[in-house]
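Notes follow the structure.
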Amino acid sequence: MITKIYPENPNTNEIRKIGDLLRNGGLIIYPTDTLYAFGCSMSHKKTVEQMARLKGFQLAKAKFSLVCASLSQLSEYTRPMDKDLFMLLKNNLPGPFTFVMHASGNVPRNYQNPNKTIGLRVPDNNICRAIVEELGEPLISTSVRIENQEQESEYLTDPELIYDLFDKKVDCVIDGGIGTDVPSTVVDCSGDEIEIIRETYPLK
């Protein structure tokens, strides 16, 4: 199934249908402000395992992100942060950034990295934030880029071509228009000093 949703004004009924699908254990592909991404509810471990298989890795070695609707929601899934870190996030979110932070007890252990961290995002995309708000919890998410495989940029950015690749493997592809083939900047905030792991967009 492919569903067209316009990012300028996401259709409430369509967003509600996507929320119901996720609550029932569905797996979707949806637009962000960077790459299109796989997403599912963190309440459904089997679906998260399915998503890991599509990416070509085991759940224990998977590096997922939590996609949140707001900085306020994000703060529920990480340990308390100091003022400087809070201002860094506030100045850059929503935006094309993944912040690696210490996970709080609200993040299931299976989805944490071995050092008990998790990537956290608040994309600058109305569709994905509306989906998260409807779902009532963050999406467990990872980009459609398949590890160790060459993919033409069109198959990362064009929802129609993404649908051709994955229509038998996911429950819904959300067409939010042509995306970008540039992944998010990754910022590790889990150590004593902030470290930029991958810089594709400059921090503010």
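The values are calculated or read from the model by the stated rules, or taken from the named source; none is laboratory data. If you're wondering where the values come from, they're calculated on a predicted model, not measured in any experiment. No Cβ is skipped: glycine too gets one built from the backbone with ideal geometry, and neighbour counts run over all protein chains shown.
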Residues in the stretch 97-104: is at least one more than 20 Å from Lys55 (Cα to Cα) and free of Cβ contacts under 8 Å to residues at least 24 places away in the same chain? no
The number of residues in the stretch 1-16 that are surrounded by 14 or more Cβ atoms within 10 Å (Cβ to Cβ), in contact (Cβ under 8 Å) with a residue 12 or more places away in the chain and under 15 Å from Arg129 (Cα atoms) is 4
Among the residues listed as Asp181, Asp188, Asp164, the single one being touching a strand residue (DSSP E or B) at 6+ places or on another chain (Cβ under 6 Å), acidic (Asp, Glu) and either closer than 26 Å to Leu22 by Cα or surrounded by 15 or more Cβ atoms within 10 Å (Cβ to Cβ) (or both): Asp188
Any residue that is in contact with a Lys or Arg (Cβ under 6 Å, 6 or more places away or on another chain) and either at pLDDT below 95 or of a type in the set (Phe, Trp, Tyr) (or both) - is there at least one of those in the stretch 107-128? no
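For (1) closer than 29 Å to Met1 by Cα; (2) touching a strand residue (DSSP E or B) at 6+ places or on another chain (Cβ under 8 Å); (3) surrounded by fewer than 17 Cβ atoms within 10 Å (Cβ to Cβ); (4) acidic (Asp, Glu), each residue gets a yes or a no:
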{"position": "Gly25", "(1), (2), (3), (4)": "yes, yes, yes, no"}
{"position": "Leu35", "(1), (2), (3), (4)": "yes, yes, no, no"}
{"position": "Lys46", "(1), (2), (3), (4)": "yes, no, yes, no"}
{"position": "Thr78", "(1), (2), (3), (4)": "no, yes, no, no"}
{"position": "Met101", "(1), (2), (3), (4)": "no, yes, no, no"}
{"position": "Ser104", "(1), (2), (3), (4)": "no, yes, yes, no"}
